[in-house]
Amino acid sequence: MSALITAKDLSFRYDKSERRLLDRVNLAVNAGEAVAVVGLSGVGKSTLCYCLSGIIPHVYQGELEGEVLLDGMPVKAMSLPQIATKLGIVFQNPDHQLFSFTVEDELAFGPENLCLPREEIDARITSALEKVGLAHLRLANPQQLSGGQRQLVALAAVLCLQPSVLIFDEAMSQLDSDGKKRIKEMILRLKAEGKAIVMIEHEPENLEVADRVLLLAEGKLVPFAGVLPEATEG
Ligand SMILES: Nc1ncnc2c1ncn2[C@@H]1O[C@H](COP(=O)(O)OP(=O)(O)OP(=O)(O)O)[C@@H](O)[C@H]1O
Ligand SMILES: [Mg+2]
């Protein structure tokens, strides 16, 4: 099976930093597979997500070696809008991703930028909202929803671009147990649909939905089967 996202000998150091956060990292995630990455705070997990999603080098720069292939194509050669149709990323704080006055407008934003026909945009919004179980909140103001619901709106907005790869960067960390359950159910569903998933996590109960768990430590990504390192907030 060919991987939907691959990192090949990926190394990275931010400009003005001495530390090589990623040191010849290799990773391949297949369709229908969820891979979790754990590691201490500040070790470079979000930086890995930025590299996988092209935010590095398109937004943040530094010394980058090796490559990331998205569906066989190097992300550094793709534009961010091109990448967004193949890969979606959900961050820890949904408020950084939500800026519209209605859920519907929020979900329309990405597809509108792709200049998709109105009926297609409408169909995608309906389908994404059904998937995350928020069809009844289509006209709601995201600011008036719970943290869990806002995170589901952020995920639905990503789903509207129909990506084959999804990255969750500690997307459950601000959610209550009900919100976590809903995101975990969504991850299982996305796996069943053949998406490739990378999830940054530190809560053991959230790792249940992952097929493999890797540890990022000292720039290396290695199989992890032991006790989680002490999680520190930062
Ligand atoms: N845009 C940036 N420019 C320069 N340095 C950065 C940038 N983003 C992060 N860093 C630094 O890189 C290191 C790794 O940060 P990163 O956010 O990748 O860690 P993390 O493992 O995701 O941590 P956490 O568990 O707290 O989310 C930190 O020392 C951080 O200060
Ligand atoms: Mg992080």
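Odds and ends about this structure:
- Subset of segment 180-213 [within 20 Å of Ile5 (Cα to Cα) and charged (D, E, K, R)]: Arg189, Lys191, Glu193, Lys195, Glu201, Asp211, Arg212
- Residue within segment 40-51 that is free of Cβ contacts under 8 Å to residues at least 12 places away in the same chain, among the hydroxyl-bearing types (Ser, Thr, Tyr) and closer than 18 Å to Leu80 by Cβ present: yes
- Top-ranked residue in segment 16-63 [being of a type in the set (Val, Ile, Thr) and closer than 22 Å to Ile183 by Cα; ranked as surrounded by the most Cβ atoms within 10 Å (Cβ to Cβ)]: Val37
- Among the residues listed as Leu4, Leu48, Leu21, the single one being modelled with pLDDT of 95 or more and more than 24 Å from Glu208 (Cα to Cα): Leu21
- Subset of segment 28-40 that is part of a loop (DSSP other than H, G, I, E, B) and either in contact with a Leu (Cβ under 7 Å, 6 or more places away or on another chain) or within 15 Å of ligand 2 (Cβ to nearest atom) (or both) - its residue that is farthest from Leu188 (Cα to Cα): Leu40
- With a requirement of 3 or more residues that are surrounded by fewer than 20 Cβ atoms within 10 Å (Cβ to Cβ), the helices (runs of 4 or more DSSP H) lying completely within segment 96-192 that satisfy it span 103-113, 118-132, 177-192.
- Filtered by the rule that a residue be part of a helix (DSSP H, G or I) and either more than 8 Å from ligand 2 (Cβ to nearest atom) or of a type in the set (S, T, N, Q) (or both), segment 41-55 gives Ser46, Thr47, Leu48, Tyr50, Cys51, Leu52, Ile55.
- Selection within segment 1-22 - in a loop (DSSP other than H, G, I, E, B) and either under 19 Å from Leu166 (Cα atoms) or away from ligand 2 (no atom under 16 Å from the Cβ) (or both): Met1, Ser2, Asp15, Lys16, Glu18, Arg20
- Lone unmet requirement of (1) closer than 13 Å to Glu218 by Cβ; (2) within 13 Å of ligand 2 (Cβ to nearest atom); (3) of a type in the set (A, V, I, L, M) for Val25: (2)
- Within segment 151-179, the set of residues being within 16 Å of ligand 1 (Cβ to nearest atom), among the small types (Gly, Ala, Ser) and under 12 Å from the mean Cα position of the chain (by Cα) comprises Ala171 only.
The values are calculated or read from the model by the stated rules, or taken from the named source; none is laboratory data. Remember, it's a predicted structure, so these values are computed and weren't measured experimentally. Positions of Cβ are generated from backbone atoms using ideal geometry, with glycine treated the same way; all protein chains shown enter the neighbour counts.
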